[in-house]
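The values are calculated or read from the model by the stated rules, or taken from the named source; none is laboratory data. Note that the structure is predicted; figures quoted are calculated from it, not measured. Because the Cβ atoms are built from the backbone with ideal geometry, glycine has one as well, and the counts that use them run over all protein chains shown. The protein model used for the area step is the full one, side chains on, heavy atoms only, and it has no ligands, DNA or RNA in it. Shrake-Rupley method; radii C 1.70, N 1.55, O 1.52, S 1.80 Å.
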Amino acid sequence: MILNNDYVDKLQCSEIYSICGNRIVMYQVEMTDRDLRRASHLSNLCWFHGQRIADGVACLSPRKNYTRFCFFNPDGSFELVCGNALFAATALLSNSSVNPLKIYPFDIPPLELSDEKDRYTITTPVSIGYQPILVESLPPSVIHNTGSPHLVVQVDNVASVNLPKLGATVTYQLEVNLTIFSICNGKILARTYERGVEAETDACGTGAMAVAVETNIRSINSSSIIYPGGIYEVKILKTFPQPVIALSVDKAYVELIENGTRPN
Ligand SMILES: N[C@@H](CCC[C@H](N)C(=O)O)C(=O)O
């Protein structure tokens, strides 16, 4: 993506990464926790001349022994975790003096991040949903919280679902993301409609984790989750007392697509 100089000026200390096609602004800023939580105005970095050019903004703020992580959707809503932004954060900080393994979101235990050979990996506990929910024509489905909440629905064929229509209903009624998946020749295919973006994105890290939880419950054995924008690998490391998942992505799917940093 080539943006004009006006937008590059607006970006200042930030970059846009594409992670499996999910475009995230990575904004490095010195801010207190209190100010960060209120910084929903930073979501304006996702917009240029009324057009959405990114699917969220992740703020990284240095602390003494770790980096604080905070995420806003393009509509300004706050979310604890964006899986893809954490992959980008690992890529961004791995060449700096900051310890990339210590990136802490608010309110939840720190996730484990690793940068090994050709892959980035996030390891995190997730909360399983038990209460089946009925929305429109969808089969009863549950919400898994993988740092962000996803209603996870198995369908016959992901390609033939009218995701914009169903997703809009789900985000409006339940205020969660909608992630659908189907099994095709033993492979898991997935799509996510993101709340706060109010559109389908090319891929979603927390959505892939939610699919991994659901397929594990249904005894579907496949470690690859294929989104329109790229492929994630998942491993369930343990299931009790709650599942712990390792989600990884090939570094080739993590691309710096716009660099707004300017020399002084
Ligand atoms: N794209 C993200 C999830 C971002 C948060 C989501 N829109 C929400 O509001 O929960 C990912 O890769 O996990």
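At 7 Å along Cα-to-Cβ for each site, give me the label-to-label distance between residue 44 and residue 116 in nm.
If labels sit at residue 44 and residue 116, their model points lie 4.3 nm apart.
Can you give the extra length, in nm with one decimal, that the chain gains between residue 64 and residue 51 once fully stretched, where that is 0.36 nm per residue apart less the Cα-Cα distance? Walk me through the numbers on the way to the answer.
Working: separation 13, 0.36 × 13 = 4.68 nm, distance 3.71 nm.
Full extension from residue 64 to residue 51 adds 1.0 nm.
Could you give me the radius of gyration and the Dmax of the range 217-259, taking only the C-alpha atoms into account and expressing both in angstrom?
13.6, 43
Label residue 251 and residue 219 with points 7 Å out from Cα along Cα→Cβ: what is the distance between them in nm?
4.0
Is any residue of the range 48-66 close enough, with backbone N under 18 Å, to a label point placed 7 angstrom from the Cα of residue 33 along the Cα-Cβ axis, and if so, which?
So the set is 59-66.
For the range 179-235, report the translational diffusion coefficient in µm²/s to the nearest whole number, using Stokes-Einstein at 10 °C, 1.306 mPa s, and a Kirkwood Rh over Cα pairs. Present the calculation step by step, with values, prior to reporting the outcome.
Values: Rh = 11.3 Å.
For the chosen part, D equals 141 µm²/s.
Could you list which residues have their amide H under 5 Å from that of residue 245, counting only those 5 or more apart in sequence or on another chain, with H placed in the peptide plane?
Excluding prolines and chain starts, which carry no amide H, the hits are 124, 126, 237.
Excluding residue 121 itself, what net charge comes from residues whose Cβ is under 12 Å from its Cβ, given Lys and Arg +1 and Asp and Glu -1?
Details: positive: 117, 119, 235, 251; negative: 112, 115, 116, 118, 233, 250.
In short, -2.
So for 239, 123, what's the accessible-area order with a 1.4 Å probe, most first? Numbers along the way, then the final one.
Values: 239 85, 123 25 Å².
Descending accessible area places them as 239, 123.
How much space per residue, in cubic angstrom, does the convex hull of the C-alpha atoms of the range 142-251 take up?
So the per-residue hull volume is 100 Å³.
What FRET efficiency would be calculated for the residue pair residue 104, residue 162, taking the C-beta separation as r and a Förster radius of 30 Å, to the nearest 0.05? All intermediate terms of the calculation are to be shown ahead of the outcome.
Values: r = 38 Å, r/R0 = 1.28.
That pair, residue 104 with residue 162, gives E of 0.20.
When the dipole is taken about the Cα centre of the chain, and only Lys, Arg (+1) and Asp, Glu (-1) are charged at their Cβ, what size is it in debye, to the nearest 20? Present the calculation step by step, with values, prior to reporting the outcome.
Working: 21 positive and 26 negative charges, 97 e Å.
Taking the Cα centre of the chain as origin, the dipole is about 460 debye.
Kindly provide the Kirkwood hydrodynamic radius of the chain in Å, to one decimal, from all pairs of distinct alpha carbon atoms. Walk me through the intermediate numbers first.
Numbers: mean 1/r = 0.0541 Å⁻¹.
It works out to 18.5 Å.
Quick one: 3J(HN,Hα) in Hz for the range 240-245, Karplus 6.51/-1.76/1.60 with θ = phi - 60°, rounded, Gly and Pro as x.
So the J values, rounded to whole Hz, are 10, x, 9, x, 10, 10.
If one computes the Cα centroid of the range 194-264 and of the range 159-184, what distance in Å separates the two points?
With the range 194-264 and the range 159-184 each reduced to a Cα centre, they are spaced 16 Å.
In deg cm²/dmol, rounded to 500, what helix-only [θ] at 222 nm does the chain give when every DSSP H run of at least 4 residues adds -39500 (n - 2.57) and the total is split over its residues?
Calculated from helices alone, the mean residue ellipticity at 222 nm is -5500 deg cm²/dmol.
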